[in-house]
Amino acid sequence: MPPAASDDSDDRGRHGDDSDNGRRHDRLRREPTPGSHNSLWGWPSIRSPLRVAVNYLLVWVIRLSPSLRLKNWLLRRLGATVGTGVSWGLEATPDVFWPELISVGDHAIVGYDATLLCHEFLQSEYRLGEVVVGERAMIGAGATVLPGVEIGSEAQVAANSLVTRDVPAGTTVAGVPAKPLTRDDEDSESDFE
């Protein structure tokens, strides 16, 4: 199913281009959910409740454990691809329903209370998409990354940002929704020092 017209117009209107760069919507798998209820209502028929319960318990341990080795080991048991030297901060949350759609490159940092979502439950459909975090990328505290987003190597996501589009390698983004910082943005930060 192609993206809804509002998806395209929202992206072009907010970001000022028609390019396919950062088009997470094109990478999402869409599954319609017929009936009068929203898609979350039917989750037990979409994903095994036992699998989700086990995932939830392991994610709870991942969020609270101070051990990076244990976190990475548990993430791999959940099916996530986790590179060498990944740092997963306290309270950081991988997707509970589809953690196997997460890939985190070597020496990346997922900060305190960040969330990586691989699913979206909507009114008449649910969407699935991989979240890919490149090598040495950094996701700040409290940031949320939506399904289908790719964060390039050595990219940085500022704290409390909502990442709705791809982040090119070496780029710093911030805000809701997250947008690339300009040189002027970086210079104005030095005014506070």
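So here's what we get for this one:
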quantity: Amide H within-cut-off set for ILE151, under 5 Å, with H built and near neighbours excluded; calculated: VAL132, VAL133, GLY134, VAL167
quantity: The stretch 23-192, relative contact order in percent, only Cα pairs under 8 angstrom and at least six apart counted; calculated: 18
quantity: Karplus 3J(HN,Hα) series, Hz, for the stretch 85-100 with 6.51 cos²θ - 1.76 cosθ + 1.60 (x for Gly, Pro); calculated: x, 6, 10, 10, x, 4, 6, 5, 10, x, 4, 7, 7, 10, x, 5
quantity: More than 27 angstrom apart: percent of Cα pairs within the stretch 23-192; calculated: 26
quantity: Residue order, fewest to most beta carbons within 10 Å, for SER48, SER103; calculated: SER48, SER103
quantity: Under-5 Å amide H pairs with THR115, H placed in peptide plane, nonlocal only; calculated: THR93, ALA143, THR144, VAL145
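Only the coordinates and a few stated rules stand behind these numbers; no lab work does. Quick caveat, the model's predicted, so the values are computed rather than measured. Positions of Cβ are backbone-derived with ideal geometry, glycine not excepted, and every protein chain shown enters the neighbour counts.
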